[in-house]
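To start, the structure under review is shown below, and the notes come after it.
The values are calculated or read from the model by the stated rules, or taken from the named source; none is laboratory data. Only a predicted model underlies this, so the values are computations on that prediction, with no experimental measurement involved. Positions of Cβ are backbone-derived with ideal geometry, glycine not excepted, and every protein chain shown enters the neighbour counts. Calculation scope for accessible area: heavy atoms of the full protein, side chains included, ligands and nucleic acids excluded. Shrake-Rupley method; radii C 1.70, N 1.55, O 1.52, S 1.80 Å.
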Amino acid sequence: MQGDEAIAGEGPVPENGWTMRPLILAGLGLVAGLVVHFILGPGFHNNLTTLQASSVTGVVFVAGLTGFTLERRLWWWSLLFAAALALVGALVVAWNGTPEDWSVGEGWRMVSLLLAVAVAAPLFQAARDEGARRFPYESVHDHAWTNVVLWFACWVFVAIVFALAWLLALLFDLIKIDFLKELLEKDWFWRSLIGLAFGAALGLLREHDGVVRLLQRVVAMVLAVLAPVLAVGLVLFVVALPFTGLNALWEATKSTTPILLFCVAGALVLANAVLGNAPDQERRFPLLRYGAMGLAAVMLPLAVLATIAISLRTGQYGFTPQRLWAIVFVALACLWGGAYLYALVRGRLDWAARIRPLNLMLAFVVCGVALVLATPLVSFNAISTRDQVARLESGKVTPEQFDWRALAFDFGAPGRAALKKLQGSANATIKARANEVATAKMRWDVRDTSEQARNRAQVTANVRMLQPGTSLPEALRERMAQGYICTREQKCGVLLIGESEALVFEDSCFAAPKPAAKAPSPAPPPVRIACRDGVRYHLENGKWEQGSAARATSAQDEQAISDGYAAGNVEIRTVPRRQVYVGGVPVGDPFE
């Protein structure tokens, strides 16, 4: 346990040092690395079994939490805490099932689990220091900042260790001693080295508390200086909204919510860097102080804007696991923003005294919510599946507009079960599409009909026929819509060569077409000479294909080529060729 002087930022009391801690944590890290290797086995594994994933989680949690919380006084408390949370983490991962079957949204459950553990650790450390179930804000806040600094500092140390190891390995390899290089390429060695380096760094830094305190003060000072900068930007943004309107903001609903949430999170971190652990550590310089107050004032308005943005998104396109996670983050942002605005209104200049206990209460809320959401108790996949299928069956979205890829590959087991049910739908279109999607092995095997329709419309709008009186064949239009040529803002010209060939040129590869006489002349786009060859399409077996037609070589031809090359029978013949001319100048290579 660190003394009161340490908590106040003065450094640890000498007699509280524990010289064996670096050795203990280094050994613990080494053992954890070896155990993880034995669980995973050699090589990299993209698909872990449930047992492997839960076992690795338990080992990493017990080693990591022990390293961050272990003290000579009440050391068994730290061991029990680490073991308990490691067991909870392993059970949660096992409860979530095989990682291979995790959907896109279920990856956020691991993030939620890590967040719950990260919040629980400083709460436990504060209670252990008190020797009772008391959580002084000063101690909790101090441990939270210290843990963050230690985490990043240890990974920097690991990176340095590996850089030095590889430098020495390459150095000795110059004189044909490759033992160290081969060792670093072995899975068991580099996994153990990661654990050893991280544990040693954690033990050394915790033993030299003054270094950590200095790093913590430097980080807090830098963040505090940035507080008024962010505050001015966010306040101006909020003040400008009534004058600029919200239309532009809603047009970017796909990116509006995460940007606003990051702004709220940044405001929260920087405001707390100014507040410090206790009143005597609060930065009183007016610029910093009012900057923190500005951040506290804009957090709720930004969170409300994020709420509206995600509401519009879900209203238009329904629920998905990612949007439901966004709703959770937005709700927490509103909760935190409301607490900070309340403290600012009630406390005014002394608002910090009111926000500190609210911070502590919100920490418990976040820890509990994160732990619940890490489990399958709340299935965002099931909620999303019910909502999306209801929109399809009610006719709110057509089978062509429906996101079949998400249902088959992003919504997990509930999505696959719903897809199987839709295969027996009374609607013939839905049934046929569900049967088609059910045969797909990968998400990109599923045709996105809505994207195809958008691309087809874009191709129609962007194509300029280079031969007067010709029109783009419908089958060729469909083929071009499957790629990225002539879509979005990419204007292009099409040259038909008979009935079975076509060349497509991007306008940006040449000078832009001349505008009408009275129309204002737009700024010419940059010319990309390298793409002047164009893209060739040819009709083969009734379908338009991109690129040169593949010509099969018979066994006799293969033998003749082999024999001729061996005999040196290689010659050059003059043959007719076809070449594109633009303005009477040959462009690109001959294409036949």
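A compact table of results
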| read-out | value |
| --- | --- |
| All positions within the range 426-483 that are in a loop (DSSP other than H, G, I, E, B), among the charged types (D, E, K, R) and either open to solvent by 60 Å² or more (accessible area, probe 1.4 Å) or modelled with pLDDT of 90 or more (or both) | Lys441, Arg447 |
| Inter-residue pairs, beta-carbon under 7 Å, first more than 16 Å from Leu392 (Cα to Cα) and in the range 404-415, second at pLDDT below 85 and not in a helix (DSSP H, G or I), 6+ apart | Asp410/Ser103; Asp410/Val104; Gly412/Ser103; Gly412/Glu106 |
| Complete set of residues in the range 556-583 that are without any contact (Cβ under 8 Å) to a residue 40 or more places away in the chain and surrounded by 10 or more Cβ atoms within 10 Å (Cβ to Cβ) | Asp557, Glu558, Gln559, Ala560, Ile561, Ser562, Asp563, Gly564, Tyr565, Asn569, Gln579 |
| In the range 368-421, the residues that are assigned to a loop (DSSP other than H, G, I, E, B) and either among the acidic types (Asp, Glu) or within 22 Å of Ala90 (Cβ to Cβ) (or both) | Ala374, Thr375, Pro376, Leu377, Val378, Ser379, Glu400, Asp403 |
| Check on Leu344, open to solvent by 10 Å² or more (accessible area, probe 1.4 Å) and either free of Cβ contacts under 8 Å to residues at least 24 places away in the same chain or within 30 Å of Trp404 (Cα to Cα) (or both) | no |
| Among (1) surrounded by fewer than 20 Cβ atoms within 10 Å (Cβ to Cβ); (2) more than 21 Å from Leu113 (Cβ to Cβ); (3) under 29 Å from the mean Cα position of the chain (by Cα) - the single one Val378 does not satisfy | (2) |
| All positions within the range 52-87 that are touching a residue at least 24 places away in the same chain (Cβ under 8 Å), open to solvent by 20 Å² or more (accessible area, probe 1.4 Å) and either in contact with a Lys or Arg (Cβ under 7 Å, 6 or more places away or on another chain) or over 20 Å from Leu205 (Cα atoms) (or both) | Ser55, Val59, Leu74, Trp77, Phe81, Leu85, Leu87 |
| Tally of residues being over 28 Å from the mean Cα position of the chain (by Cα), assigned to a helix (DSSP H, G or I) and surrounded by fewer than 19 Cβ atoms within 10 Å (Cβ to Cβ) across the range 158-203 | 18 |
| Residue among Val92, Val111 that is open to solvent by less than 30 Å² (accessible area, probe 1.4 Å), in a helix (DSSP H, G or I) and out of contact with any Phe, Trp or Tyr (no Cβ under 7 Å at 6 or more places or on another chain) | Val92 |
| Residue count, the range 29-51 (criterion: part of a helix (DSSP H, G or I) and either among the basic types (Lys, Arg) or open to solvent by 30 Å² or more (accessible area, probe 1.4 Å) (or both)) | 9 |
